[in-house]
Each structure stands twice: as structure tokens, then as C-alpha cells.
1. Kindly provide the chymotrypsin sites (Phe, Trp or Tyr not before Pro) of region 83-119 that DSSP labels as loop, not H, G, I, E or B, and whose Cβ sees at most 16 other Cβ atoms within 10 Å.
2. So which chymotrypsin sites (Phe, Trp or Tyr not before Pro) in region 20-75 are both in a DSSP loop and have at most 13 other Cβ atoms within 10 Å of their Cβ?
3. Given region 138-238 reduced to its alpha-carbon atoms as identical point scatterers, what log10 I(q)/I(0) does the Debye formula return at q = 0.21 Å⁻¹?
4. Give me Rg/Rg_expected for region 39-339, where Rg uses Cα atoms only and Rg_expected = 2.2 N^0.38 Å with N residues.
5. Please identify the chymotrypsin sites (Phe, Trp or Tyr not before Pro) of region 243-306 that satisfy two criteria: DSSP loop assignment and at most 15 other Cβ atoms within 10 Å. Which are they?
6. Would you give the gap between the C-alpha center of region 79-101 and the C-alpha center of region 282-307, rounded to a whole Å?
Amino acid sequence: MNTEVNVRLIVTQAVLWFLLGAGAVSAGYRFLRGLGTATALNDLTPWGLWIGFDVVSGVALAAGGFVIAAVVHVFHLHRFHGIVRPAILTAFLGYAAVVVGLLADLGRPWNIWRMIVYWQPTSPLFEVGWCVMLYLSVLTLEFAPVVFEGLQWNRLYRLLRAFTLPLVVVGIALSTLHQSSLGSLFLINPERIHPLWYSPLLPLLFFVSAVGLGLATVVVEGVITSWLYRREAEWDVLPALLRAASIVLSLFLLLRLGDLAVRGSLRYLVEGSWWPMLFLLEVLLSVVVPVLLFTLPSFRSNRKALAAGAFLVVFGFVVNRATVAGISHVARTGFAYFPSLPELLVSLGIVALAALVFLFFVERLRVWEEPPQPAGHLRPAAHDPLSGLYVRAPWLGAPQRAAIACLAGGVLTAALLEAGVANGSQPRPNPVAPPRSVSALRIPRVAAPGNRLVLVLPSSDAEPQPQALQRATLIDGNRAGRWVLFEHEAHQQRLGGNLSCGRCHHFNLPLERGTSCGRCHRDMYRSTDTFSHDRHTAALGANGSCSRCHRSEGEKTRATATPCRECHEREVSRNAEIAVSPTTVAGVAPGYVKAMHGLCVTCHTKHEAAATPAREPYLSRCPACHREISDTGREMRVREGTVLLSSIAP
């Protein structure tokens, strides 16, 4: 047993446990408080760090498993056999981390099982989900023999070893499918990706880059573990991997530049913005500099240069995937996005958990099939994977160090999150845009009862017939494009005519028969203080009027004031049945989204329950009011003009 204390391993594990504790508390905060409170995401930027880094980048970083497995078991290059198990373990933990990150990002993670039962074969995301799920199962079976070997379960070990080649072939097929399908996922959203990154070749580019990135990731893993455990890395085979990676990376760059040239998009490299700078930085980091380090004679024998090149490949392609899956989407919306503290800590916690599990397996199982040889030491006994490398601090055991570091991370994170809540953290200001009066048309719904209300855009060859049109209100508070066409007059008549205004509208403002929602609910998500104290004191008699509202002794606050309704009773309709989400503070209006959903969805739910199911089975669901995403930008030509598909109108 080596009694020398490995300080670098102790410090690394302590940092990882600290980050795991911080990530666990942040994850609990996310699931208890919801995405809106815990993240900086919103309706315009629903994909952020967790998708761009944890999922899209994580899948690519785990590609080394199927690449090395194919090299050894399919192409029979057995000199790479010693790095198969570490590569498979890295891929397994990478895909497990992807699943955990996806669960954090999903609004309802408990429904993830639904893709198994309810198939959507035309959806790229459906194909990605199935392939990730199946490939994670394959990786589990591929790595299971290492566990069975350590437990001396010889029968199960021999059984799974007999299926190594079929598992490898299935794993290669699944990886090829979903690595490319991740690119297909972004083909359906060209308007939110900059032309320097959007391409019809995205599926091919994603696959080719995943192969090169997987090779570099295997090298990075070998370099880190050799430094951490003071062992010699597999430098007899790692340079060959990097030479192969240089070929793949060069092919990737040629495909990308050729595609830009064919589509005429090279002109964006000289546009006056920061996009060309980001593109050039990404290309230099991920391809140009690493390929030079891997191929130039002056660097090929320099291990530090080769390791630096591998790290640059990993960092460069993380930037690439984050740009495609996140940065470009955020920039195109015009709204700034920076990950919140819980987002950052959850991502770091997932990485820390994967790293700790990797170290656990390395120290207890034969992950390296040939026992590693520390620099300057004799080879340890064959039965002990790291017999000469286990390290323990004499002043404190490993479990105690882990518990203290994890607890410290959790307590510090809880204090930071509590401080954020105490300081009243709110979503970013998002003022409400007023509704617009537009022309609409009713057309029969396809293969469904009822009609669909559509927005009419006058065409150049045929003006709409006035008698065929009707007036509608277009509601698009945040100008996000998922607007609602609302038939005000039709709703009014169905609810009882002119006397029904109080069913939907407040009568808060003097002389108004129905106050517009945006007058009080002025922000999409933040509450609005609608009470003007100065105006009330001036109207009621200055300071002498305090007793009109504050009748009790003690501090004069909103909580002790007379309810507003007592004075404004005559301005409140007797038919008022408004069902908005309540606020606990008088004179404070909740956000526009909360108010509108509280009103419309509540009423629709009651109406749906009372209606014939065959006629209105989904009136309370989002597509009943909002334009469906699949209809974005799609037009229909009718004899009255051009109409853009929108809301359902029963």
C-alpha cells in the first residue's frame, strides 16, 4: 500500500463533492419552485444551458464509446483494447448525465415515459429520445461485464462477453442515428439559427464532429486520470487516435466551408456583427489549432501539445453545440439570457456526479484491463486495480471528507438561493403589447368538428370579400408569434350580451364599462402595482383623509387598509365572475400571462366539462387558443385572400 498522500486526488474529490452538494440543493430548488423561478428561461428562450451543454454537448462528448468499440471489435485494431473500458464507462456516464440534465429541463419530467407509449415517428426529438434510451441500455450491458468481473459473477460475465460484438454493432447503429438526428432537430427552426450555423447538412455535420470529438474526449479522459492517479497515460496509442481525429476534423471543416460556399453564406463572415468573430473563434479552437498540433512534426512528439490540442477540440465543439442549440436562439430573439445560479450549479453538479462515479469504478474495478503502472513504481498486483495508488489522509477519512464537502456546498448554495428569494428576484421586465383589431375568417376544421378562426392577410391578386370577414382581436402580449385570435362579440353574445361584461372584465377605472387587461396587468410575468396613493389622498382630502381607508390603530399599511371593494362597490359588476389567479396584496395585479390563463382556461375548463365531448374535447388545452407551432409561417390560399392558420373557433 502506498502511504504517500495524493493531494491532487484529495482536493479534486473534495471539489467534486462540494459541487455535487451545491447541485443537489439547486435541483431541489428547481423542482420545488419551478422553472420560472429557478431559471432565466422564458417563452422566448426556452432552451438554455441545460439543453445546449448538458444534453446536446453531452451526447457529443460521449461519442468516444461507440468510436473506440468500433475500432477494436469491428475493425480489429486490438492495440487499442486497453482503452475500450474507460471509453465505454465515459460514454455510459455521459449518456446518464444527459438523461439527468433533460429531466431537470423538462417542465413535467414525470411524463418522460409517455414517448414509450405514445409514438410520434415524424418527430426528430422522438427518434433522439428512443435512441438515447436504447443506447444507454446497450452501454449498461457493455460495461456490466466489468462489474461482474469485480464481483466474480463468472457466469454472467461469460454470458455478456459472448454478446460483445452484437452489442457493439447495435450501439454503433443507435449512435449514428441519434448523433445525426440531433442535427435534424434544428432543421425545423431555420429562423432562429444564424446562417453561419444553419445548414441542410446539420445531421451529417453533427455526426462527423461527434466522431472527431469522441476521439479527443478519450484522450482527455486518459490525460486527466493519468495526472490524477500519477500513472502513465496510454501514450503508445493516444497519438494514433489524435491523428485519426485530425483527419475527421479536417473533413468536418471542408464540409462546413463547402456548404457555406454553395449556399452563398460566406458573405456573413464579413458582416458587421460579433457572429463572424464567434464563428472564427470556434473554428480555430475546434479544428485549425488542434489539427496543426496533431500533424506538424514539431508538435507530434510533444505530449503536452497533443494533450492541449485534445482539450481545445473538446472546448471548441462545446462552443459549437452551445451556439447551435442555445446562443443563436437567444440572440435571434433580441432578449438577453444568462444562466441563473441554479442552472449553473445543476450543470456542474451533474458533471461532478459523473466524475465521482467514474473515480469510484476506477478505484474498485478493472476499468483498465492492464493494471496501471505509476511513474517510478513497480506494477501493482493483478488482483488490485489501484493497489499502489489508494490514498488516504491520516487526519481524516474519505467518507468524512466527502460528507463535509458535500454539506458545505449544499449549505452555501441554500444561503445564496435564500438571499435571492429574500431580495425579491423576479423575471426580467417584459412589457405587454396591446391587442390589435384584425380581419378574420371561419373555415371548417379538417377531420374535426367545428371551425377554425384564421387571420386574413389581403393578397395581391384577390381582395377579400368584406361580407365574408369578421372582426377579431389579435392578442400577442410578448410578440412571440403564438398569438390568439379572440372573437370578442361572439363571446359576449354567448355569455349574455351587454350585461355579461363583468364575467371577464374588471370595472376598476371610473367611467369605463370594461377595463382592458393590459391597463393593469402591464408585464407578461411580473406583478404590477396599480394603486396610486397620491391620487387617492388628493381626491379624498389630503392627509385628513387617512381615516377613510386606514381605520384601525397602528401602522398604516396595505394589510390594515379598508378593502378597495368597499369604496368601489358601484364600479363592480353584479355579474362579475372573474377567475384570475389571486394576489395576496390589495392593489397589485398579477402578471399578464397568469391573469389571462386564470380567466380563459378556468372558463374553458368549465365549458368543456359541460359540453358534448365529441364537439369540444380539448377546449382547455393550449392549441384551443394559441396558434399551433406547426402552423408557424404556413399559409393557405382561399378565394377570399391569404389566411394564416390560427385559433380554433367552435
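Throughout, read-outs are computed from the coordinates displayed, never taken from laboratory work. What you are looking at is a predicted structure, and each value in this text was computed from that prediction instead of being measured. Counting neighbours? That spans all protein chains shown, and the Cβs are built from the backbone with ideal geometry, glycine included.
1. Numbers: sites: Phe92, Tyr95, Trp110, Trp113, Tyr118, Trp119; in loops: Trp113, Tyr118, Trp119.
For chymotrypsin sites (Phe, Trp or Tyr not before Pro) across region 83-119 that sit outside H, G, I, E and B with at most 16 neighbouring Cβ atoms in 10 Å, the list reads Trp113, Tyr118, Trp119.
2. Numbers: sites: Tyr29, Phe31, Trp47, Trp50, Phe53, Phe66, Phe75; in loops: Trp47, Phe75.
The qualifying sites are Phe75.
3. -1.07
4. Values: Rg = 19.7 Å, N = 301, 2.2 N^0.38 = 19.2 Å.
Ratio of Cα Rg to 2.2 N^0.38 Å: 1.02.
5. Details: sites: Phe252, Tyr268, Trp274, Phe279, Phe294, Phe299; in loops: Trp274.
Answer by residue number: Trp274.
6. Comparing the Cα centres of region 79-101 and region 282-307, I get a distance of 24 Å.
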